[in-house]
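A short write-up of the structure that comes next.
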Amino acid sequence: VPFNAKIGLIGHEFSHLMNCSQRSFRKVLMRLFSYSNKKSKAKFEKENARATVQIGLGWQLHDWAKYVLEYSKASVKYKAFKQAIYLTPLDIAEAINGNK
């Protein structure tokens, strides 16, 4: 995995931690339970990706998404899951440029 892509992944996970630290314990639990719903999970992950862009790690996240979808040996099923739940490289580039 390229270094920049690793930083993107770490930044994405850091954004999750920041999100949880700003919520009450009850709200973290509610988010955890809603995470089992595909639609809620997609909404949460896309919000988190936008937060990663806002902290200045957008291009790193872009590199991570591009690596997973285009260069990794992940299964077709996993790549389809990633495209359904997370922002695509194009979506991330648009968010960086302020179009989303």
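Brief remarks on what is shown
- Test: residue 78 is farther than 14 Å from residue 16 by Cβ and of a type in the set (Ser, Thr, Tyr): yes
- Pair list, Cβ < 9 Å and 6+ apart or interchain, from the stretch 18-37 residues that are within 19 Å of residue 54 (Cα to Cα) and assigned to a helix (DSSP H, G or I) to residues that are of a type in the set (Lys, Arg) and at pLDDT below 85: 19/31; 20/31
- Filtered residues of the stretch 1-31 (kept if open to solvent by less than 80 Å² (accessible area, probe 1.4 Å), farther than 20 Å from residue 59 by Cα and either in contact with a helix residue (DSSP H, G or I) (Cβ under 6 Å, 6 or more places away or on another chain) or of a type in the set (Gly, Ala, Ser) (or both)): 20, 24, 28
- In the stretch 43-52 there is at least one residue that is over 20 Å from residue 1 (Cα atoms), surrounded by fewer than 15 Cβ atoms within 10 Å (Cβ to Cβ) and without any contact (Cβ under 8 Å) to a residue 60 or more places away in the chain.
- When the residues of the stretch 80-99 are filtered to those that are part of a helix (DSSP H, G or I) and open to solvent by 40 Å² or more (accessible area, probe 1.4 Å), the one that is nearest to residue 40 (Cα to Cα) is 84.
- The stretch 61-77, subset of a type outside the set (Val, Ile, Thr) and open to solvent by less than 40 Å² (accessible area, probe 1.4 Å), residue nearest to residue 15 (Cα to Cα): 61
- Residue 56 vs. criteria part of a helix (DSSP H, G or I) and surrounded by fewer than 14 Cβ atoms within 10 Å (Cβ to Cβ): yes
The values are calculated or read from the model by the stated rules, or taken from the named source; none is laboratory data. This structure is a prediction, so every number in the text was calculated from the model and none was measured. Virtual Cβ from ideal backbone geometry, glycine too; neighbours counted across all protein chains shown. For the accessible areas, the whole protein counts, side chains as well, though only heavy atoms, and no ligand, DNA or RNA atoms are used. Shrake-Rupley method; radii C 1.70, N 1.55, O 1.52, S 1.80 Å.
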